[in-house]
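Computed from the coordinates by the stated procedures, all read-outs in this text should not be read as laboratory data. What you see is a predicted model, and the numbers here were worked out from it, not measured in a lab. When we count neighbours, we look across all protein chains shown, and the Cβ atoms used for this are built from the backbone with ideal geometry, even at glycine.
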Amino acid sequence: MQLDWGASLSPSDPNVCSYWESFTTPSKESYVQPFAQVFKEPCSKMWPFAKTCTQHRVLYKAAYRQSVKVDYRRRHRCCRGYYESADICVPRCTQECVHGRCVAPDHCQCEQGWRGADCSSECSHQFWGPDCKNSCSCVNGGTCDPVTGACTCLPGYGGPLCQEPCAPGLYGPGCALGCHCENAASCDRATGACLCPLGFTGPHCEIPCLNGTRGSQCQADCLCQNGGICHPPNTSNCACPPGWMGAICSVPCPEERFGSSCQGECRCHNGGQCDPVSGQCQCAPGYVGERCREECPIGQYGQDCSQACDCANGGRCFHIHGACLCEAGYFGSRCEERKCLAGLYGLACNWPCLCDPQHTDSCHPLTGECTCKPGWAGLSCNETCPPGYHGASCRDPCLCLNGGTCVSETGRCVCAAGYMDPHCSSACPADTYGVNCSLRCTCQNAFACSPVDGACVCKEGWHGVNCSTPCPMGTWGAGCNGTCQCANGAACSPLPDTERDRVLFEKDRPTSCHVVLEPALCHPLTGECTCKPGWAGLSCNETCPPGYHGASCRDPCLCLNGGTCVSETGRCVCAAGYMDPHCSSACPADTYGVNCSLRCTCQKRAACSHNRRRGLVCKRLAWVGCSTPARQAPGAWSAIRTCQCA
């Protein structure tokens with residue numbers, strides 16, 4: 001039934017306010033669970049002789065666990081001063097409106113002929129009390145309260161019996177308003193209208209008169225104050241701007257009214273103040289919203305809900321001033337103090353806590369439940385975290401790789417020898433090894449040293465603990481495991497030197513080296529020949545076949561029109577009559593032959609064949625007259641039909 005309380009109220013009802021309600025539910029919460037992924041990838045230069053190396057990577061995935069969740073939901077109820085009736089919120093009057101109706105909290109609107117806070121009196125304004133027997137003593141137009149006889153004065157008067165006119169400079173109801181007249185002008189004590197001295201006029205007597213006149217001879221067009229205007233024009237009726245009322249717009253709006261001539265009704269709840277001009281609500285501390293109908297969200301309080309709560313041990317702070325509402329068993333300004341002495345719990349604080357004092361943060365003063373320090377678990381907080389877990393209640397998994405272990409209190413990784421970084425996922429930097437990578441490698445002539453124990457990986461031609469000893473005579477290569485097989489009395493160097501050892505392997509896996517006219521580079525480990533451009537074959541003793549060039553003769557020639565390419569560089573040697581890098585252009589006019597280096601000697605404007613190596617074969621142009629078409633002789637070359645006479 002309580003869960004349904006207020007469910008029928010509409011949040012759009014201007015008199016419905018909201019609040020926050022807490023509740024607990026079993027839930028499945030998600031969290032990020034790390035795990036180590038092991039994979040193979042090509043090794044770096046640090047380990048040149050292994051094909052693949054084992055690597056580790058920390059990945060994360062979503063996991064779920066059961067928990068009890070405390071949550072909050074927004075509920076609705078009638079605002080302060082209202083109550084629910086037929087699914088709407090209506091104002092509540094403490095006293096029944098006998099002859100009237102309740103229009104606002106504790107405010108009755110009486111029927112005609114009835115007076116009083118509860119509309120129960122039919123006394124006239126001149127009498128009060130039981131049976132209206134007491135005469136009203138109020139003067140200057142004041143009226144009596146029908147029950148108490150207290151005087152309500154007309155604007156311009158004050159005092160218990162309304163017998164005192166407003167002091168100079170004051171006016172209005174209760175003489176509570178100050179005049180704003182200038183140039184020593186006095187104001188009407190009832191309305192606040194300025195009575196201008198000689199020589200001035202205007203709503204505040206701020207305008208000098210011409211010719212030293214005043215009054216009817218120097219009359220302002222409109223006497224409305226505070227920005228009011230006379231409406232209709234040329235009359236003395238004032239239309240007041242927002243926030244003002246009265247005959248000349250000199251009276252500010254009361255608290256419950258706003259707008260032009262104070263015609264709007266304020267609807268601010270929970271102590272909110274209404275702006276007399278716009279009607280916008282300025283909420284009291286602890287409330288927000290357009291009409292101040294909503295309590296501050298959980299964890300915030302104060303003016304505009306701008307301050308954060310600071311309550312300990314599950315305490316909830318009051319949304320208005322931030323005072324903490326403590327759970328059972330705690331007290332203090334922040335709920336930081338236990339009601340029971342340390343080590344005791346229960347309603348009478350007579351039960352001893354069974355928590356390990358060294359590993360416990362607190363013992364609940366009501367239930368005796370132990371809250372363990374990080375790294376400890378168990379009902380009494382006397383159990384260390386199992387391997388691979390750390391933190392509060394040992395719920396957080398460790399994130400350490402490559403044999404690293406984590407500190408159960410903090411989760412910090414203690415890395416095994418050879419690894420570093422927060423998750424122990426990175427091997428030691430080059431030239432370091434051991435625990436915390438604190439030792440320096442002593443290797444010479446080595447590719448690298450092991451980050452775990454500092455063992456050296458020697459380069460070809462070296463061996464020994466520190467790789468400081470050359471290979472013995474007759475051996476070579478990695479680990480000095482290669483046996484020299486040099487022919488013709490040649491010596492074998494144990495050290496790889498690609499600039500010096502330009503050797504070849506014979507065909508079909510040669511076993512001895514031969515020096516040739518075009519020596520190639522011999523790989524120091526496999527003996528494979530790397531041929532110079534223009535040469536091919538296992539021993540690099542074969543020239544490139546026609547149409548190919550470059551390293552191992554793999555690149556096709558790009559020469560056109562019968563041109564050939566140089567096998568080493570691929571440069572084109574053009575046939576007679578052609579030129580440019582690919583031999584794609586014929587010789588220019590008047591040239592022919594190899595490289596277009598010869599000049600033509602044809603007469604009578606004839607062209608010569610561009611691709612002849614010896615002699616000239618001239619092509620005769622057709623003879624063309626100045627006025628008749630050309631007559632072409634057999635074999636003549638002509639594409640011109642008109643010309644100038646030669």
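Overview of results
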{"read-out": "Amide H contacts under 5 Å for Leu195, placed H, 5+ residues apart", "value": "Ser186, Cys187, Asp188"}
{"read-out": "Computed FRET value (nearest 0.05) for Glu256 with Lys373, which takes r as the C-beta separation and R₀ as 56 Å", "value": "0.45"}
{"read-out": "Bins of 5 Å from zero: percent of alpha-carbon pairs in the range 341-397", "value": "5, 24, 27, 18, 13, 8, 4, 2, 0"}
{"read-out": "Between the range 372-397 and the range 410-452, the alpha-carbon center distance in angstrom", "value": "30"}
{"read-out": "For the range 300-455, convex hull of alpha carbons as volume per residue, Å³", "value": "152"}
{"read-out": "The range 316-347-the range 580-608 distance, computed between alpha-carbon centres (Å)", "value": "109"}
{"read-out": "Karplus-derived HN-Hα couplings along the range 188-197 (A = 6.51, B = -1.76, C = 1.60, θ = phi - 60°), whole Hz, x at Gly and Pro", "value": "5, 5, 8, 9, x, 5, 7, 9, 6, x"}
{"read-out": "Label-point gap, in nm, between Ser585 and Asn350 - each point 7 angstrom along Cα→Cβ", "value": "11.6"}
{"read-out": "Under-5 Å amide H pairs with Arg571, H placed in peptide plane, nonlocal only", "value": "Val566"}
{"read-out": "Amide H contacts of Asn134 (H built 1.01 Å from N, under 5 Å, at least 5 apart or other chain)", "value": "Trp128"}
{"read-out": "Karplus-derived 3J(HN,Hα), 6.51/-1.76/1.60, for each residue of the range 124-137, Hz, glycine and proline x", "value": "6, 5, 9, 9, 7, x, x, 6, 6, 8, 8, 7, 7, 9"}
{"read-out": "Cα-projected label distance for Thr384 with Leu154, points at 7 Å along beta-carbon direction, nm", "value": "9.5"}
{"read-out": "The range 341-397: relative contact order as a whole-number percent, Cα under 8 Å and 6+ apart", "value": "25"}
{"read-out": "Peptide ranges 422-429, 89-96 listed from the most packed, as the mean C-beta count within 10 angstrom indicates", "value": "422-429, 89-96"}
{"read-out": "Mean Cβ neighbour count within 10 Å, used as a protection proxy, ranking 129-136, 286-293 highest first", "value": "286-293, 129-136"}
{"read-out": "Cβ-derived FRET efficiency at R0 60 Å, Ala184 paired with Asp71, nearest 0.05", "value": "0.30"}
{"read-out": "Cβ crowding within 10 Å averaged over residues, with 298-304, 155-161 ranked highest first", "value": "155-161, 298-304"}
{"read-out": "The range 313-453: relative contact order in percent, alpha carbon pairs under 8 Å with at least 6 residues between", "value": "11"}
{"read-out": "In Hz, Karplus ³J(HN,Hα) per residue of the range 560-566 (6.51, -1.76, 1.60; θ = phi - 60°; x = Gly, Pro)", "value": "10, 6, x, x, 10, 10, 6"}
